[in-house]
Amino acid sequence: MALVLRPARSGGTDGAGRAAGTDEAALQRLDAGTGGVLGDSGPGWHAAAAAAPDRVHLVLDDGAGLAGYLVLAGPRGPEPGVELHRLVVAVEHRGTGLGRALLRAALTLAAVPGAAGPDGVTVDPGWAAPPWLAAGRLWLEVAPDNRPALALYRAEGLVVETRLPSVPGCPTAPALRLVLARE
Ligand SMILES: CC(C)(COP(=O)(O)OP(=O)(O)OC[C@H]1O[C@@H](n2cnc3c(N)ncnc32)[C@H](O)[C@@H]1OP(=O)(O)O)[C@@H](O)C(=O)NCCC(=O)NCCS
């Protein structure tokens with residue numbers, strides 16, 4: 001299976017108002033399999049992420065369809081480095097190493113020292129990475145009960161930096177989100 005990481009194609013509808021010649025339907029199908037862990041989504045969210053100059057929205061195209069996608073966000077706020085804003089693998093492909101390949105692609109694109117590089121995945125040679133991407137540090141937020149994602153992140157060297165408590169200002173309250181990073 002040849003896997004290419006390429007920019008998401010957004011926008012455009014046919015005469016009946018359906019998405020045409022874009023990844024919108026495939027992205028909706030991917031998001032539908034995430035069991036509500038994503039928050040905001042839908043065609044508008046993906047179109048905005050694909051168009052934003054401070055975001056990179058890349059899909060994993062296996063020639064027959066989309067096997068997953070990732071969204072990276074540029075440095076902003078107090079957290080230095082590039083945020084892995086979203087990482088999704090199609091339900092039918094989970095457990096086959098694609099999550100690891102996408103995460104390694106993200107670490108490589110963010111120029112994190114020692115990043116292994118995504119085995120078996122080619123980055124679209126026609127795509128030009130924005131200058132902010134090679135920040136040397138990748139961080140992300142994850143829910144503490146998202147065990148598959150946490151196991152993947154830890155296995156690839158990301159470490160928990162911050163616990164965001166469910167009650168603001170109360171550090172002993174259960175964690176609502178964890179911030180992990182690798183640099
Ligand atoms: C998290 C996710 C991206 C993992 O993708 P995946 O392709 O299934 O992961 P891989 O097959 O590459 O597995 C890599 C590692 O992740 C961990 N992992 C994956 N699935 C796991 C599971 N169900 N339980 C525990 N650990 C798991 C393991 O450490 C695994 O390494 P191993 O195979 O050597 O044991 C996928 O489950 C997903 O898309 N989930 C829904 C969206 C989501 O939660 N995204 C992250 C937060 S935005």
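Taken together, the values in this text are just the output of simple stated rules run on the coordinates, not laboratory data. None of these values were measured; they are calculated from a predicted model. Reconstructed Cβ throughout: ideal geometry from the backbone, glycine too, with neighbour counts over all protein chains shown.
In which sequence would E79, E24 go, from the one with the fewest C-beta neighbours within 10 Å to the one with the most?
If I rank by nearby Cβ atoms, fewest first, I get E79, E24.
On a C-alpha basis, how far is the centre of the range 144-183 from the centre of the range 94-117 in Å? Whole number, if you could?
Distance between centres, Cα-based: 19 Å.
As a test of the formula, what do you get for the chain when each DSSP H run with n ≥ 4 contributes -39,500 (n - 2.57) and the sum is divided by the residue count, at 222 nm and rounded to the nearest 500 deg cm²/dmol?
After summing the helix terms and dividing by residue count, I get -6000 deg cm²/dmol.
At a Förster radius of 22 Å, what calculated FRET efficiency corresponds to the Cβ-Cβ distance of A173 and A151, to the nearest 0.05?
Efficiency for this residue pair is about 0.35.
Choose one of A106, W139, H46: the residue whose Cα lies farthest towards the positive end of the charge dipole of the chain (beta-carbon charges +1 Lys, Arg; -1 Asp, Glu; about the Cα centre).
In the chain, that residue is W139.
For the pair R76 and D124, how long in nm is the line joining their label points, each one 7 Å along Cα→Cβ?
2.2
Order of W127, W45 from fewest to most other C-beta atoms within 10 Å?
The order, fewest Cβ neighbours first, is W127, W45.
With +1 on each Lys and Arg Cβ and -1 on each Asp and Glu Cβ, how big is the dipole of the chain about its Cα centre, in debye rounded to the nearest 20?
Charge dipole, the chain, about its Cα centre: 280 debye, nearest 20.
Scattering from the C-alpha atoms of the range 104-167 alone, worked out with Debye: what is log10 I(q)/I(0) at q = 0.22 1/Å?
So the normalised log intensities are -1.03.
Between beta-carbons, use under 12 Å as the cut-off and find the net charge around R6, counting Lys and Arg +1, Asp and Glu -1.
The answer is -3.
Extension gain R29-A52, at 0.36 nm per residue separation less the Cα-Cα distance, in nm?
Length difference between fully extended and current span is 6.1 nm.
For a bin width of 10 Å, list the pair-distance distribution of the range 3-136 built from all Cα-Cα distances, rounded to whole %.
Taking every Cα pair in the range 3-136, the percentages come to 12, 44, 35, 8, 1.
Along the positive direction of the dipole of the chain (beta-carbon charges: Lys, Arg +1; Asp, Glu -1; about the Cα centre), which of A151, L30, G95 reaches farthest?
With unit charges placed on the Cβ atoms, the residue in question is A151.
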